[in-house]
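Presented below is the structure to which this report refers.
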Amino acid sequence: MWKKKVFRFIRHFHILFNFCGCMNSSNQKPTYREYIEGTRRILEKSKDEAKPYKVMVLGREFIVHPNVFSPKYFHDTALFAENLPVQEGEEMLEIGPGTGAISLTAIYKGAKKVVAIDVNPDAVKNTQANIELHNMAGKVEVRQGNIFESLKPDEKFDTIFWNTPFGFIEQDEVPDLEKAVYDPHYKSTERFIKEAKEHLKKGGRVLIGFSTTLGRLDLLQNFVDEADLSLRLLYEVESEEIHPVKFEIFEALPKK
């Protein structure tokens, strides 16, 4: 049974607030805009990585390419990789794999097959590099596309997962790297929720990586309702800093 767990993600948020200078002088909780700007500055810092480098995720080595969402700077990759409830023998689809660390970890946890789709061509190459590094050819397949576009109509999965870009912003377009953390007007999130069940096997589920601190749960719930899905919290992590930040895994199921 999945229970609420509390962990300390102090290092990550010290990096976020100290690096971006967005901790206000009165030690009050940062505003939503300050959270968003802090994330943007971390992304800018990650762009200093001009060459591929290696990181450890759950004790395994992964390559990170430039212009790809990096577990070195954002720790939610490791968080979701560790706590995603993978069922033995299942076939899984991951949207937005980035480095491919979550997709590959799903195989290590018992998944039979994973298809990974990313809109960022650099992320597609990065995931392929890690497939080869871990000798997972035939078990993990990576494709380039926007959400479900590269799937055939009859391709269906037991589990569909996306560590969604839960940063809501009101500009119309963002670069490929920023699409990993920002979703303009939540258009991609809405499309993901409303189209996901077309690619679910009978009894399948949609798993959503989210942050109710950094994201808009009200909009997510609206999309789920409009798609005739039910939403429940499977897992929650809360930092124990002065300024708590939560990350969650939600499960969305077709209503009976």
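A few comments on the model shown:
- Test item: Cα-centred dipole of region 10-254, Lys/Arg +1 and Asp/Glu -1 on Cβ, debye: 520
- The modelled label-to-label distance for the pair Leu253/Leu58, using points 7 Å beyond Cα in the direction of Cβ, is 2.3 nm.
- Potential lengthening between Glu49 and Gln221 on full extension [0.36 nm per residue; Cα-Cα distance subtracted]: 58.3 nm
- Burial ordering of Ile36, Ile95, Ile193, Ile102, fewest other beta-carbon atoms within 10 Å first: Ile36, Ile95, Ile193, Ile102
- Spatial separation of Cα centroids for region 143-162 and region 117-132, in angstrom: 15
- Anchor Lys202: lysines whose Cα lies under 21 Å away (excluding residues fewer than 8 positions away in-chain): Lys112, Lys113, Lys152, Lys156, Lys194, Lys255, Lys256
- Karplus-derived 3J(HN,Hα), 6.51/-1.76/1.60, for each residue of region 138-154, Hz, glycine and proline x: x, 10, 10, 10, 10, 9, 9, x, 9, 6, 9, 4, 8, 8, 7, x, 8
- Taking 27 Å as the limit for the C-alpha separation, the pairs Lys29/Lys51; Lys139/Lys187; Lys72/Lys139 exceed it in the case of Lys29/Lys51; Lys139/Lys187.
- The chain - mean residue ellipticity at 222 nm from DSSP helices (-39,500 (n - 2.57) per run, n ≥ 4, rounded to 500): -9000 deg cm²/dmol
- Positive minus negative residues near Asp158 (Lys, Arg vs Asp, Glu; Cβ under 11 Å): +3
- Cα gyration tensor shape for region 116-215, rounded if a/c is under 1.5, else prolate or oblate: oblate
- Other residues lying with their Cβ under 10 Å from the Cβ of Glu226 contribute a combined charge of -2, Lys and Arg counting +1, Asp and Glu -1.
- Between region 177-256 and region 66-97, the alpha-carbon center distance in angstrom: 14
- Between Leu93, Ile169, Tyr186, the Cα set farthest toward the positive side of the dipole of region 10-254 (charges on each charged residue's Cβ, about the Cα centre) is that of Leu93.
- For region 150-254, GluC sites (Glu not before Pro) are listed when DSSP marks them as loop and at most 11 other Cβ atoms sit within 10 Å of their Cβ; the list is Glu170, Glu173, Glu240.
- Total formal charge among the other residues, if their Cβ is under 12 angstrom from that of Gly38, Lys/Arg +1 and Asp/Glu -1: +1
- Order of Lys197, Lys256 - criterion: other Cβ atoms within 10 Å of each residue's Cβ, fewest first: Lys256, Lys197
Every read-out reported here was derived from the displayed coordinates using simple, explicitly stated rules and does not represent laboratory data. Here the structure is a predicted model, which is why all the values come from computation and not from measurement. Cβ sites come from the backbone with ideal geometry, for glycine too, and all protein chains shown count toward neighbours.
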